[in-house]
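K.L.:
Below you will find the structure I want to go over with you.
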Number of protein chains: 2
Amino acid sequence: MSDQMQRITLASRPTGAPSAENFSLETCAVPTPGPDEVLVKLHYMSLDPYMRGRMDDAKSYAAPVPIGGTMEAGAVGEVVASNSPAFQPGDFVFGMFGWVSHGRLPANQLQKLDPNHGPITAALGVLGMPGLTGWHGLNEYGKPKAGETLVVAAATGPVGSMVGQLAKRAGLRTVGIAGGAEKCALAVDRFGFDACLDHRAYKDASALRKDLGAACPNGIDIYFENVGGKVLEAVLPLMNSYGRIPVCGMISYYGGAKGADADLTAPMIWRNVLVKFLSVQGFIIMNHFDRYPAFQKDVGPLVANGEIQFLEDIAIGLENAPAAFMALLKGGNMGKQIVKLV
Amino acid sequence: MSDQMQRITLASRPTGAPSAENFSLETCAVPTPGPDEVLVKLHYMSLDPYMRGRMDDAKSYAAPVPIGGTMEAGAVGEVVASNSPAFQPGDFVFGMFGWVSHGRLPANQLQKLDPNHGPITAALGVLGMPGLTGWHGLNEYGKPKAGETLVVAAATGPVGSMVGQLAKRAGLRTVGIAGGAEKCALAVDRFGFDACLDHRAYKDASALRKDLGAACPNGIDIYFENVGGKVLEAVLPLMNSYGRIPVCGMISYYGGAKGADADLTAPMIWRNVLVKFLSVQGFIIMNHFDRYPAFQKDVGPLVANGEIQFLEDIAIGLENAPAAFMALLKGGNMGKQIVKLV
């Protein structure tokens, strides 16, 4: 193995959408693992919308990436050296290594993967943080009941597709929202949504709302929120009394965008919360990793036997991670975005 | 008893703040009670902010008052005729009679009062819907824990003063917000708030936020929402992770006002919900009347022995109800607003 590795750092903070100059590809020495540490050669890394938040110097649930710091990411790879009895060279593991070709982490921050249990990329998507996000948010805060109607955007993404499939299995009517006809067809054909609307086909929230209302003849009981903006504005007036809104993301607001949703005002949100007795719950999955074993037990077999479908979009090469990430923020990916590193 | 009675109807729908011409004082015949009905001569009626919502022709949790219809209100009075074995002339009762001098209701919609158990006006405030709203919202959705910090506006009103006193008893730091120095002094001296800020003394939300932050050195864990607008905007950035926001009203938005809170945007609300894992729950007490016996059992003795304080602001005469209601919406009352009818 070469003693050199590559990493991508945050060169500067973006204003609005990130661009190539915000990232820097650097070569450095492969680190040496210290006591209880494990050195891993990464095979795949994950790209997720939350990473956009880390690029801002704003108070959030996690500290921002410092200028010059390595971009954060979950990644899977093969152990090449270990100072922990828990891991041997050749083991496959998941950890928060960042945008790197090689990484070193304490053994207690690693999760061993069983390569016989499906592709190791599943640990980044359907059986990783996005899948857990959908499963936990839907069950814990969405409280689905058979006969109800659920709406989720980014319906072909790893969170939305998990939410839609689990809700369908629970007997709900599932209506997805996605960007483009191809994604909408995929949502229905592959992920079993009863309907899927292309948000790009609507000039504003009220036009989207009209068709969404037709697709949800009994109103909306659960809106699984991961986008905000125009979709939120379309959904709110259609919510039924006692509706639930788990909030795990709001990609349309990332990068400081105020959105083109000028009619979505604070009073509009607040009034809907009050007059419909809505329950709105923000959450971030890093606080609920204790649910991982229960998730894996529940969903793992369904993925293994094909009852839960998943889709991955794989970019090739660490050097292409920034471009893939910028595309992801614009909805350019088709399924869970992953970067192949070897 | 005269066979004539008075009532106040909705003459026209207001735009923004109501004015005198939106109300009409009318004389009509005292109704005759039908089978199982009870005729009551009202002594006191309640004025509450929610009534503003009923004046609009907008979809809400309750139907609007029709033009020409009697304004809604809870009221207490004395039975003068009864076709129900459950009530006798001379009994004192509470019911949703409206803005009327006399009213007729089915017996099963009445609640008998014990005039030996404190003033009958308590059934309109501290031991009525406002008190129940505070008790239920705080305990069920606020989930107070000793050592936490609670903020509530309209701190000397019947909901805010109940919330503040119950939270203080539960070991929380309580910070009120009220309009004017007199109300702030009352909040601290009579209702035991640790601090109370006069929202009128601040030109905008960020000025209010600065002093609110100083009054809440450990942040805010529970914001009991009954006003919206500037206070909400000041509070949101101060909320702690895992904070709870029961939402029972938003008086600053009533009458279609967009508020002077131009910086309180939908993304600001949504971002705070997400990054602090907030729990926001809208509720309206009419859906939780089943909790009344538990509330009465819990709080009734505390009111009787003075451990829970209350304050009433009594206007005289049904004809003065519109003026008192208009003043209430501007915070002109001092304590629970009641109209004495006899």
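The values are calculated or read from the model by the stated rules, or taken from the named source; none is laboratory data. For clarity, every value in this text was computed on a predicted model and none was experimentally measured. Cβ sites come from the backbone with ideal geometry, for glycine too, and all protein chains shown count toward neighbours.
K.L.:
Being among the aliphatic types (A, V, I, L, M), more than 19 Å from the chain's Cα centre (by Cα) and closer than 21 Å to A:E312 by Cβ narrows it down to one residue among A:A185, A:A215; which is it?
P.N.:
Values: A:A215 fails: closer than 21 Å to A:E312 by Cβ.
That would be A:A185, the only listed residue that is among the aliphatic types (A, V, I, L, M), more than 19 Å from the chain's Cα centre (by Cα) and closer than 21 Å to A:E312 by Cβ.
K.L.:
Going through region A:206-259 one residue at a time, which ones are free of Cβ contacts under 8 Å to residues at least 40 places away in the same chain and in contact with a His (Cβ under 8 Å, 6 or more places away or on another chain)?
P.N.:
A:L208, A:K230
K.L.:
Restricting to region A:99-134, what's the tally of residues that are over 12 Å from the mean Cα position of the chain (by Cα) and within 30 Å of A:R173 (Cα to Cα)?
P.N.:
At the first step, the residues of region A:99-134 found to be over 12 Å from the mean Cα position of the chain (by Cα) are A:99-123.
Keeping just the survivors that are within 30 Å of A:R173 (Cα to Cα) gives A:118, A:121-123.
Count: 4.
K.L.:
It is to be established whether one or more residues within region A:10-33 are acidic (D, E) and under 18 Å from the mean Cα position of the chain (by Cα). Quick ask: steps written out before the conclusion?
P.N.:
Filtering region A:10-33 down to residues acidic (D, E) leaves A:21, A:26.
Among the residues that remain, those that are also under 18 Å from the mean Cα position of the chain (by Cα) are: none.
No - not one qualifying residue is present in region A:10-33.
K.L.:
Here are some conditions: (1) farther than 29 Å from B:V227 by Cβ; (2) of a type in the set (V, I, T); (3) surrounded by fewer than 19 Cβ atoms within 10 Å (Cβ to Cβ). B:V79 meets all but one. Which one does it not meet?
P.N.:
Evaluating B:V79 over (1) farther than 29 Å from B:V227 by Cβ; (2) of a type in the set (V, I, T); (3) surrounded by fewer than 19 Cβ atoms within 10 Å (Cβ to Cβ) leaves (3) as the failure.
K.L.:
Do you know which residues across region A:74-102 are free of Cβ contacts under 8 Å to residues at least 24 places away in the same chain and either polar (S, T, N, Q) or touching a Pro at 6+ places or on another chain (Cβ under 8 Å) (or both)?
P.N.:
Matches in region A:74-102: A:Q88 only.
K.L.:
Please work out if A:A167 is of a type in the set (A, V, I, L, M, F, W, C), buried (at least 24 other Cβ atoms within 10 Å of the Cβ) and either without any contact (Cβ under 8 Å) to a residue 12 or more places away in the chain or touching a helix residue (DSSP H, G or I) at 6+ places or on another chain (Cβ under 8 Å) (or both). First the steps, then the outcome.
P.N.:
Details: of a type in the set (A, V, I, L, M, F, W, C): yes; buried (at least 24 other Cβ atoms within 10 Å of the Cβ): yes; either without any contact (Cβ under 8 Å) to a residue 12 or more places away in the chain or touching a helix residue (DSSP H, G or I) at 6+ places or on another chain (Cβ under 8 Å) (or both): yes.
When the stated conditions are applied, A:A167 passes them.
Residue-by-condition table, conditions (1) modelled with pLDDT of 90 or more; (2) aromatic (F, W, Y); (3) within 17 Å of A:N272 (Cβ to Cβ); (4) touching a Gly at 6+ places or on another chain (Cβ under 7 Å):
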{"position": "B:R244", "(1), (2), (3), (4)": "yes, no, no, yes"}
{"position": "B:C248", "(1), (2), (3), (4)": "yes, no, yes, yes"}
{"position": "B:A260", "(1), (2), (3), (4)": "no, no, no, no"}
{"position": "B:T265", "(1), (2), (3), (4)": "no, no, yes, no"}
{"position": "B:F283", "(1), (2), (3), (4)": "yes, yes, yes, yes"}
{"position": "B:E307", "(1), (2), (3), (4)": "yes, no, no, no"}
{"position": "B:A315", "(1), (2), (3), (4)": "yes, no, no, no"}
{"position": "B:M326", "(1), (2), (3), (4)": "yes, no, no, no"}
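K.L.:
Go through region B:58-89 and count every residue that is in a loop (DSSP other than H, G, I, E, B) and either within 14 Å of chain A (Cβ to nearest Cβ) or closer than 19 Å to B:N108 by Cβ (or both). Please lay out each step first, then the result.
P.N.:
If we filter region B:58-89 for residues that are in a loop (DSSP other than H, G, I, E, B), which is where we start, we get B:58-69, B:71-74, B:83-89.
Now narrow it down to the ones that are either within 14 Å of chain A (Cβ to nearest Cβ) or closer than 19 Å to B:N108 by Cβ (or both): B:58-64, B:72, B:74, B:83-89.
Number satisfying all stated conditions: 16.
K.L.:
Does A:Y141 meet the test of being modelled with pLDDT of 95 or more, surrounded by fewer than 23 Cβ atoms within 10 Å (Cβ to Cβ), in contact with a strand residue (DSSP E or B) (Cβ under 6 Å, 6 or more places away or on another chain) and not aliphatic (A, V, I, L, M)? Working first, answer last.
P.N.:
Details: modelled with pLDDT of 95 or more: yes; surrounded by fewer than 23 Cβ atoms within 10 Å (Cβ to Cβ): yes; in contact with a strand residue (DSSP E or B) (Cβ under 6 Å, 6 or more places away or on another chain): yes; not aliphatic (A, V, I, L, M): yes.
When the stated conditions are applied, A:Y141 passes them.
K.L.:
Out of B:P246, B:P237, which single residue is under 20 Å from A:A266 (Cα atoms) and either surrounded by fewer than 21 Cβ atoms within 10 Å (Cβ to Cβ) or of a type in the set (K, R) (or both)?
P.N.:
Working: B:P246 fails: either surrounded by fewer than 21 Cβ atoms within 10 Å (Cβ to Cβ) or of a type in the set (K, R) (or both).
Within the list B:P246, B:P237, the selection yields B:P237.
K.L.:
Let me ask something else. When you scan region B:1-46, how many residues do you find that are hydrophobic (A, V, I, L, M, F, W, C), free of Cβ contacts under 8 Å to residues at least 60 places away in the same chain and either surrounded by fewer than 14 Cβ atoms within 10 Å (Cβ to Cβ) or closer than 18 Å to B:G317 by Cβ (or both)? I'd like the intermediate steps shown before the answer.
P.N.:
First, pick out the residues of region B:1-46 that are hydrophobic (A, V, I, L, M, F, W, C): B:1, B:5, B:8, B:10-11, B:17, B:20, B:23, B:25, B:28-30, B:38-40, B:42, B:45.
Remaining after also requiring free of Cβ contacts under 8 Å to residues at least 60 places away in the same chain: B:11, B:28-29.
Among the residues that remain, those that are also either surrounded by fewer than 14 Cβ atoms within 10 Å (Cβ to Cβ) or closer than 18 Å to B:G317 by Cβ (or both) are: B:28-29.
Of the residues in that region, 2 qualify.
K.L.:
Filter region B:188-212 down to the residues that are over 22 Å from B:P246 (Cα atoms) and aliphatic (A, V, I, L, M), then identify the one that is farthest from the chain's Cα centre (by Cα).
P.N.:
B:A207
K.L.:
Give me the strands (runs of 3 or more DSSP E) completely within region A:210-307, filtered to those with at least 2 residues that are more than 7 Å from every other protein chain (Cβ to nearest Cβ) and of a type in the set (F, W, Y), ordered by residue number. So that I can check it myself, show each step before the final result.
P.N.:
Working: elements: A:220-224, A:239-247, A:279-282.
In region A:210-307, the matching strands (runs of 3 or more DSSP E) lie at A:220-224.
K.L.:
With away from every other protein chain (no Cβ under 14 Å), part of a helix (DSSP H, G or I) and within 30 Å of A:M334 (Cα to Cα) as the only criterion, which of A:M5, A:M51 stands out? Steps first, answer last, please.
P.N.:
On the way: A:M5 fails: part of a helix (DSSP H, G or I).
Just one listed residue meets the conditions, A:M51.
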